[in-house]
1. Here are some pairs, 34/151; 62/126; 37/109; which of them have Cα atoms lying more than 24 Å apart in this structure?
2. At a Förster distance of 22 Å, what's the computed FRET efficiency of residue 125 paired with residue 170, Cβ-Cβ distance as r, to 0.05?
3. Full extension from residue 162 to residue 77: what is 0.36 nm times the residue separation minus their Cα-Cα distance, to one decimal in nm?
4. Among 144, 130, which comes first, second and so on when ranked by fewest other beta-carbon atoms within 10 Å?
5. How would you order 63-69, 110-116 from highest to lowest mean count of nearby Cβ atoms within 10 Å?
6. Under 17 Å from a label point 7 Å along Cα→Cβ of residue 108: give me every residue in the range 31-73 with its amide N that close.
7. Could you list 185, 47, 163 so that the one with the fewest beta carbons within 10 Å of its beta carbon is first and the one with the most is last?
8. Would you order 146, 128 from fewest to most other beta-carbon atoms within 10 Å of each residue's own beta-carbon?
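The numbers here are math on the coordinates, done by the rules we state, and not lab data. Treat the numbers as computed from the prediction; the structure is a model and nothing was measured. Please note: Cβ atoms are built from the backbone with ideal geometry, for glycine as well, and neighbour counts cover all protein chains shown.
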Amino acid sequence: MSKKVIFQIVIVFTMITIHAQEAKTDTLNTIKDKTYKNSIRLLPLPTLFERGISLEYERLIKNNWSLNIQAFGASYNSDIYRIGSQRSGPWTNIVRIEVDSRYYLLNHKKAPQGWFVGPGIIGGYKNIDFEESNTSENRDYDSFIIGGVVKSGYQWIFKNGFTLGTASGLASIYRFSGPREASSTELLLEFSIGYSW
């Protein structure tokens, strides 16, 4: 757990350092009259920590407002270790979609770059399948989630379209099926890398 937190802190400080150097080097500045309307990005943190892949697509709607769609998917086997022996655990499948709007705050930057804030909605599905496992318990279930999210962040677009972004926020999630209904609040930290055109 502490390695995850340290890694996320390092990413945030790296992004702050890049932002501080942006004023000193013209290679980080975007061509002033160029407008980027589309951006596609990979979010590497879910790949590292959640055994899945997360992609997002952003489309500029107005001068300082965009629509962002993020998709996450994972499919993996959860092996169980008991007293030194490995047993095949349940197979887990997860699909999650997030749709949010981003309002860009800086007038001297053209969206989709600079500081942004915005709300969004989250929906998802999780399936736990014990059918192929060799455990004695059979607790197969499907779980659906829905929720809302508020995020703030900063996005850089370099001259060649190379794009870096970071965001943080809060998500309120309600699971309304599965073993039990539950609600939770999660702290979000995201880092994205991709291309804009």
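1. 34/151; 62/126
2. My answer for the efficiency is 0.50.
3. Residue separation times 0.36 nm, minus the Cα-Cα distance, leaves 27.1 nm.
4. Result, fewest neighbours first: 144, 130.
5. Ranking the peptides 63-69, 110-116 by packing returns 110-116, 63-69.
6. Under cut-off, by backbone N: 31-34.
7. With the fewest neighbours first, 185, 47, 163 line up as 185, 47, 163.
8. Least crowded to most crowded, the residues run 146, 128.
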